[in-house]
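Trainee: Supplied in structure tokens, the structure appears directly below.
The values are calculated or read from the model by the stated rules, or taken from the named source; none is laboratory data. As the structure is a prediction and not an experimental result, all values here were calculated from the model. Don't worry about glycine lacking a Cβ; one is built from the backbone with ideal geometry, like all the others, and counts go over all protein chains shown. Heavy atoms of the whole protein, side chains included, go into the accessibility calculation; ligands, DNA and RNA do not. Shrake-Rupley method; radii C 1.70, N 1.55, O 1.52, S 1.80 Å.
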Amino acid sequence: DVVLLCCKAYDLDEAIEAIAPAMGERSAVLPVLNGVRHIATLIDRFGAGQVLGGITIINAALLPDGTIQQSQLKVNTTAIGELDGPISKRCTAIQQALDTGGLPATVSDNITAMLWGKLFAFACSATIATLTRSRAGSIARSATGSSLVAGIIDECTQIVTAEGFPPPKEYAGILRGMFSQPDSTYGTSMLVDMEQGRPTEGEHTVGHLVECAGRRGVGAPILGAAL
């Protein structure tokens, strides 16, 4: 049995209590949350053998009327994997079930690195959104927008690299491109949450990287300001 866990990171404790009755000895929980801290929390509760790694990237936001709207930047990526690396029969079976249901997915032999890669990208975008409270086009049109974006990317790169998970080289270029189009109306899910007065995942993403920076002796003044 597989329990798919999809929630905001700040709702993790409540979600764990909700799924606990469904977890048997041969069950596995597949979380697709932002960040990486939830992995340790789930392992503490259910055991390492019952926790898989997963990411999904769809660039969507929850609107006030409950509608889930995908942004103009459409990225549809879903990946799952064993936290210790090897491609397993259960992950392959899950991937096939997702494909059959119309949700294409891949099985990764390095899902932990993918989790950190997503955290890197999310934290960069979340920090930009927190400090500017602006859409990508406004940032692109600003005289100092590109330098701010570059500084945030550099700071996040140093932190996740110190943790042993340097981001894929193309990620920095993708992020710069996202915030370099003057007519773009793109806004991160974090920005939408702030605009609507909802809780955010800042503590679980930006906050986590600030903690990592302190532990590794890496300077993080920009992320610290965002936090």
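Trainee: Please report the projected area of the range 1-47's Cα convex hull averaged over all directions, in nm².
Mentor: Seen from a random direction, the Cα hull of the range 1-47 projects 2.9 nm² on average.
Trainee: Something else about it: For the range 106-227, what is the convex hull (Cα atoms) projected area averaged across all directions, in square nanometres?
Mentor: Average projection, Cα convex hull of the range 106-227: 7.8 nm².
Trainee: Express the accessible area of the range 1-110 per residue in Å², computed with a 1.4 Å probe while the remaining protein chains stay in the model.
Mentor: Per residue, the range 1-110 has 56 Å² of solvent-accessible surface.
Trainee: Go through the range 119-132 residue by residue and turn each phi into a ³J(HN,Hα) via Karplus (6.51, -1.76, 1.60, θ = phi - 60°); whole Hz please, and just put x for glycine and proline.
Mentor: 4, 4, 5, 5, 5, 4, 5, 5, 5, 4, 5, 5, 7, 9
Trainee: With θ taken as phi - 60° and the coefficients 6.51, -1.76 and 1.60, list the Karplus ³J(HN,Hα) couplings across the range 86-99 in order, rounded to whole Hz; mark glycine and proline as x.
Mentor: Taking θ as phi minus 60°, the curve returns x, 6, 10, 5, 5, 5, 5, 5, 5, 4, 5, 5, 5, 4 Hz for the range 86-99.
Trainee: Compute the long axis of helix 169-178 from its Cα atoms, compare it with the longest principal axis of the Cα atoms of the chain, and write down the angle in degrees, 0 to 90, nearest 10.
Mentor: 60 degrees
Trainee: Then there is this: Lys and Arg at +1, Asp and Glu at -1: add these up for the other residues within a Cβ distance under 10 Å of Ala220 and post the number.
Mentor: -1
Trainee: Let me check against my output: what whole-number percent is the relative contact order of the chain, with C-alpha pairs under 8 Å and at least 6 apart?
Mentor: Rounded, it is 18 percent for the chain.
Trainee: Going by amide H atoms built from the backbone, whose H comes under 5 Å of the H on Val3, apart from near neighbours?
Mentor: Amide H neighbours of Val3, under 5 Å, 5+ apart: Ala28, Val29, Leu30.
Trainee: Rounded to the nearest whole Å², what accessible area per residue is found for the range 146-214 with the 1.4 Å probe?
Mentor: 44 Å²
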